[in-house]
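One structure is given here, and the rest of the page talks about it.
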């Protein structure tokens, strides 16, 4: 096992449904510790950088509208094998395929409206954490 820090973004649907406390309590109950938290609105440049892998896709404007319709919350979470454990807690990206008992299975709607974004690897987490947290903002 290795101690890791991963990034999670609580998406607009989590904010709008007022389930932030319910979701973060699951993270803490799983033994993950909050090392950083920040609420912000996505500006176009940051959104395009974060979603660079789909920014040229025809559906990107829909993703952009969704992710900019309300603030999001960035969390830096630390724990043993945090990346894999977070992905297990969330369930599959497509909420329709997620089992009940997972966060997306309990609160998500589809592939986009799925409560959270989470880093998919330790390498991705390192890049994403630097994207959303400056030096001195992780504790």
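Readers should treat all values here as calculations from the given coordinates under stated rules, not as data from a laboratory. Computed from a predicted model, the values in this text were never measured in an experiment. Heads up, the Cβs are rebuilt from the backbone with ideal geometry, glycines too, and the neighbour counts pull from every protein chain shown.
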**OP:** State the Cα centre-to-centre distance between the range 96-127 and the range 8-57 in whole Å.
**Re:** 10
**OP:** Could you pull the Cα extents of the range 24-86 along its three principal axes, largest to smallest, in whole Å?
**Re:** 38, 22, 17
Original post:
With the contact rule set at Cα under 8 Å and sequence spacing of 6 or more, what percent relative contact order holds for the range 14-84?
Top reply: 50
**OP:** Starting from the Cα of residue 65, move 7 Å in the Cα-to-Cβ direction to define the label point; list residues of the range 99-138 whose amide nitrogen is under 14 Å from there.
**Re:** 113
Original post:
Restricting attention to the alpha-carbon atoms of the chain, what are Rg (one decimal) and Dmax (integer), both in Å?
Top reply: 14.1, 40
Original post:
What number, rounded to the nearest 500 deg cm²/dmol, is the helix-based mean residue ellipticity at 222 nm of the chain, given -39500 (n - 2.57) per DSSP H run of at least four residues and division by all its residues?
Top reply: -10500 deg cm²/dmol
